[in-house]
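Here the structure is laid out as structure tokens; the discussion comes afterwards.
The values are calculated or read from the model by the stated rules, or taken from the named source; none is laboratory data. The model shown is predicted, which means the values in this text are computed figures rather than measured ones. When we count neighbours, we look across all protein chains shown, and the Cβ atoms used for this are built from the backbone with ideal geometry, even at glycine.
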Amino acid sequence: MKKFFIILLVLLFSASLLQAGSEPPKKESTKQNVLLIDDFSSGDTATSDKWWKFDNIKVADKSDEKGSYIIVSGQASDWYVGGMGTYVAKDAVDYSQIKITIYGKAESSGKLKIELVEDDIGSPDVDQDQKTFLPTKDDKFTSKEIPIDWSGWKTITIPVSELKLMNPGAGDGKWNPSTKNGHYGLLQFQIIVVANSAKGNVNFGIREIKLTQ
């Protein structure tokens, strides 16, 4: 019996040494590396109001072996087709690039650009000029037009540093979509679509939109 207790004490002492010598467990990071705008997995983008659609844009929900996506189509009027947008209201200050996975159909696809509105006054609402539709108190940024001139799926990357301010003087003029101090961060994400000719058609797919670090 005495021998048994001695062995037990040795085992307990050895275990405590191993525990003391091991590294403490690392805390899992709470910061997300990706801010997902949409992966269209709901399958109801065409009919729901999560994305508002305007002018001549048409949206159809599709799926394949890799998951869900949408087809964007429409006919231009003086090059312009229309667009679609969604409400975000999330902190995006730590993300440096925007990635969009697009299905191109070569020359018939069209072009797109993105527009982002970020909160500067601590309000979830966006006040707009009735003529220009530009925000009057928040900053609105845009990318350059991106020609969709490839066939098949491709992920494009838009650096945040390349975004241009559309409405100087409305907000603070800086890209700072933070939710600190009562602000609402990145409020809106919009896609604007134009054709390759004045009355041309556009037709392309989108599988995923996200911001990454």
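Between a first residue in region 56-67 that is touching a residue at least 12 places away in the same chain (Cβ under 8 Å) and a second residue that is among the polar types (S, T, N, Q), which pairs have beta carbons less than 7 Å apart while being 6 or more apart in sequence or on different chains? Taking only residues 6 or more apart or on different chains, the pairs are Asn56/Gln75; Asn56/Ser77; Lys58/Ser73; Val59/Thr45; Asp61/Thr45; Asp61/Ser68; Gly67/Ser41.
Just one residue in the set Ser42, Ser63 is in a strand (DSSP E or B), touching a strand residue (DSSP E or B) at 6+ places or on another chain (Cβ under 8 Å) and either closer than 28 Å to Ala170 by Cα or among the hydroxyl-bearing types (Ser, Thr, Tyr) (or both); that residue is Ser63.
Taking the conditions exactly as written (more than 18 Å from Gly85 (Cα to Cα), surrounded by 15 or more Cβ atoms within 10 Å (Cβ to Cβ) and either of a type in the set (D, E, K, R) or modelled with pLDDT of 95 or more (or both)), does Ile121 satisfy them or not? Judged against the criteria, Ile121 is a match. Taking the criterion of being loosely packed, with under 15 Cβ neighbours inside 10 Å and over 20 Å from the mean Cα position of the chain (by Cα), the residues of region 151-178 that qualify are Ser151, Gly152, Pro168, Gly169, Asp172, Gly173. Residues that are part of a loop (DSSP other than H, G, I, E, B) and in contact (Cβ under 8 Å) with a residue 24 or more places away in the chain within region 45-55 comprise Thr45, Ala46, Lys50, listed in sequence order.
The single condition among (1) under 20 Å from Val93 (Cα atoms); (2) among the hydrophobic types (A, V, I, L, M, F, W, C); (3) in a loop (DSSP other than H, G, I, E, B) that Ile209 does not meet is (3).
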